[in-house]
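**Q** One structure coming up, written as structure tokens, with questions to follow.
Bear in mind that the values in this text are calculations on the coordinates, not laboratory data. If you're wondering where the values come from, they're calculated on a predicted model, not measured in any experiment. Positions of Cβ are generated from backbone atoms using ideal geometry, with glycine treated the same way; all protein chains shown enter the neighbour counts.
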Amino acid sequence: MTTTDLTARTELVADPNSGPAPGVTGRQPTPGIEEFCAEAAALLGPDGVLRDPAAREKASCDWAHMSPILAAKLPAGHAEAVLRPTAHEQIPGLLALAHQHRITLTPRGKGTGNYGQAIPLHDGAVLDLTGCGRVLEAGDGWIRAEAGAKMSDLEAHARTLGQELWMFPSTFGTTLGGFLSGGSGGTGSLVHKTNSDGFVQELTVTPCTADATPFTVQDADALPYIHAYGTTGIITTATVRLQRARTWTGLFAAFTDWTSATAALDALVHLEPAPRLASLDEAGLVRVYPPDPALAPTALNLRAIIEEEAADQARAIVRSYGGEVLDVRPAPDGPALISSLSFNHPTYHLMKAEEGWFHLEIRGDVLLGDTTEIKQVFPDTLLHLEGMRSGTVGMLMARYQGEQSVYDGITALEALGVGVHSPHNWYVDRRLDLVRETARTADPLRLLNPGKIPAPSQETP
Ligand SMILES: Cc1cc2nc3c(=O)[nH]c(=O)nc-3n(C[C@H](O)[C@H](O)[C@H](O)COP(=O)(O)OP(=O)(O)OC[C@H]3O[C@@H](n4cnc5c(N)ncnc54)[C@H](O)[C@@H]3O)c2cc1C
């Protein structure tokens, strides 16, 4: 690696909009990479294979730098080449080529994953799918697109048909394939739960085998490919579920005490017609958000995307729990602002404003009650909640005091009844047995995103 490469990587660490800098590999080029790139260029054209340092650096990072533990520990990985197909039909040829030359291949959407999922730990080629971005077709209740299509394009297309996505993440510009392979849920999950809960109708998947023949899977058979970080095959197209489009509006409210605010959150979650999103956060988070008259930086803030026809009911709920309605702002601005402050975006705003924080993904209705003990586990704890009909989830942010204190704190939180998912781990950690079994046939040479399926001894308890 050259000095230029090192500089670029250092700059990427300093920029919260870019990825982590886990170090440099110091590895030798992968044997066969030159022949592989030459043959890939014959398939994609010369612009389809990028070898310049800037493109390789960009393709070697994601948002794992939000974790101080990952930023310090994540093994180095550096793309030796970036492949940019422009149509899903080109993908099987590339996978057959990777198999033939034994080149590792890490798929990539927009690179907004939090756990280092898109970092090519074993170097090799990165398969950038953002050029495969066509929305292919849609019908009543479904939409089919190439894996690199933006979730925002899917929602916009669905809206022209009087429909909308069941869900989309707060990183609205991310790709369909990246959301299914690396994400979990978002706006819409209040009712529809996660992207593993029926959102996917059909996937076309390309395995990394000698002939790399794509196959389709439907409904529950799609589970081995969801949140599997591309280790079980490359999703080339996906069909996901739509619902009738609603007229949404954004409700913004302020509260002075946690018990009233969480009671109002819970009541909004169970409102009929159902909201699309309902979030609550503490003043310590709101103070770092971009200022807006609908946000109160010294209060607990409750926000919900509700159907316009339910606005009066929602206002009444807020008032009945002693809150103040700050604004009811129609679409697109109100709902867009609320989505943009959901899930991991509060963490992003906090870390952008100040150094020294870490976060945990938390869940459990215990978060709706007295959180005094929960907030004593880590120093300066701040809570952000997402109301779900399947149970409350959220983010806990606190001052970082070292890796071991995070693990000790997780144990203490669990003892208080808080479910914790650690974002400080780059391994696939859902349906692991299914993923391992599927990868055995879909990727017999273990070329797809290697290093992300843990050996049994590396599994987190
Ligand atoms: C500030 C912030 C907020 C976030 N909010 C949310 C949220 O609300 N909800 C949520 O679920 N997540 C959230 N995330 C995480 C991230 O946005 C999601 O994982 C996202 O949807 C990933 O999409 P992407 O296109 O960026 O994929 P990438 O990060 O590029 O890829 C994600 C994973 O999928 C693999 N992959 C990509 N494309 C394919 C494919 N076609 N086939 C097989 N594997 C593939 C990659 O190798 C990688 O392992 C957030 C992240 C940040 C930084």
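**Q** Calculate for the chain the 222 nm mean residue ellipticity that helices alone would give, adding -39,500 (n - 2.57) per DSSP H run of length 4 or more and normalising by residue count, nearest 500 deg cm²/dmol.
**A** Roughly -8500 deg cm²/dmol at 222 nm, from the helical runs in the chain.
**Q** While we're looking at this one, here's another question. Between segment 133-153 and segment 211-270, what's the alpha-carbon centroid distance in Å?
**A** If we compute the Cα centre of each part, the gap is 15 Å.
**Q** Here's a follow-up. Give me the net charge of residue 199's neighbourhood, meaning all other residues with Cβ under 10 Å from the Cβ of residue 199; Lys, Arg count +1, Asp, Glu -1. Could you put the intermediate results ahead of the total?
**A** On the way: positive: 193, 241; negative: 197.
Here the count lands on +1.
**Q** Further question: Please go through the residue pairs 58/375; 150/375; 110/375; 193/375; 73/110 and name each one whose alpha carbons sit more than 29 Å apart in this structure. Spell out each step's value before the answer.
**A** Values: 58/375 37 Å; 150/375 37 Å; 110/375 34 Å; 193/375 26 Å; 73/110 23 Å.
From 58/375; 150/375; 110/375; 193/375; 73/110, over 29 Å: 58/375; 150/375; 110/375.
**Q** Here is a follow-up. Excluding residue 278 itself, what net charge comes from residues whose Cβ is under 11 Å from its Cβ, given Lys and Arg +1 and Asp and Glu -1? Could the numbers behind the result be given before it?
**A** On the way: positive: 276, 303, 389; negative: 266, 386.
So the environment of residue 278 carries a net charge of +1.
**Q** For the chain, count the residues as N, evaluate 2.2 N^0.38 Å, and divide the Cα radius of gyration by that value, please. Each step should come with its number before you reach the end.
**A** On the way: Rg = 22.1 Å, N = 461, 2.2 N^0.38 = 22.6 Å.
Taking the Cα Rg and dividing by 2.2 N^0.38 Å, one obtains 0.98.
**Q** Using packing as a proxy for protection, rank 418-424, 445-451, 318-324 so that the peptide with the highest average count of other Cβ atoms within 10 Å comes first. Before the final figure, lay out the partial values.
**A** Working: 418-424: 18.7, 445-451: 21.3, 318-324: 17.1.
Averaged packing, sorted descending, gives the order 445-451, 418-424, 318-324.
**Q** Going by average Cβ density within 10 Å per residue, which order do the peptides 228-235, 210-217, 31-38 take, highest to lowest?
**A** Values: 228-235: 28.6, 210-217: 14.0, 31-38: 15.5.
Final packing ranking: 228-235, 31-38, 210-217.
**Q** Segment 97-149: which trypsin sites (Lys or Arg not before Pro) are DSSP loop and have at most 14 other beta-carbon atoms within 10 angstrom?
**A** 102
**Q** If you don't mind, another one. I want the local charge near residue 174. Using Cβ-Cβ distances under 9 Å, sum +1 for each Lys or Arg and -1 for each Asp or Glu among the other residues.
**A** Working: positive: 110, 150; negative: none.
Net local charge, residue 174 excluded: +2.
**Q** Quantify how much of the Cα-Cα distance distribution of segment 28-183 extends past 18 Å, in percent. Present the calculation step by step, with values, prior to reporting the outcome.
**A** Working: 7218 of 12090 pairs.
Above the 18 Å cut-off, segment 28-183 has 60 percent of its Cα pairs.
**Q** I need the per residue convex hull volume for segment 136-277, using only the alpha carbons, in cubic angstrom as a whole number.
**A** Values: hull volume 17.0 nm³, N = 142.
Hull volume over Cα atoms, normalised by residue count, gives 119 Å³.
**Q** Something else now. Using the eigenvalues of the Cα gyration tensor, what equivalent ellipsoid semi-axes result for segment 111-158 when each is taken as the square root of five times the eigenvalue, whole Å, largest first?
**A** On the way: eigenvalues 152, 27, 13 Å².
For segment 111-158, the ellipsoid semi-axes come out as 28, 12, 8 Å.
**Q** Determine Rg/Rh for segment 122-183; Rg is computed over alpha-carbon atoms and Rh is the Kirkwood hydrodynamic estimate from the same atoms. Mind showing how you got there, number by number?
**A** Working: Rg = 12.5 Å, Rh = 12.1 Å.
Checking Rg against Rh, the ratio lands at 1.03.
**Q** To continue, here is another question. What is the Cα convex hull volume of segment 315-461 when expressed per residue in Å³? Could the numbers behind the result be given before it?
**A** On the way: hull volume 27.2 nm³, N = 147.
Expressed per residue, the convex hull around the Cα atoms of segment 315-461 is 185 Å³.
**Q** A further question follows. Cβ neighbours within 10 Å, averaged per peptide: list 177-190, 367-380 in order, most packed at the top. Don't skip to the end; give the middle numbers.
**A** Numbers: 177-190: 27.0, 367-380: 16.1.
Descending mean neighbour count gives 177-190, 367-380.
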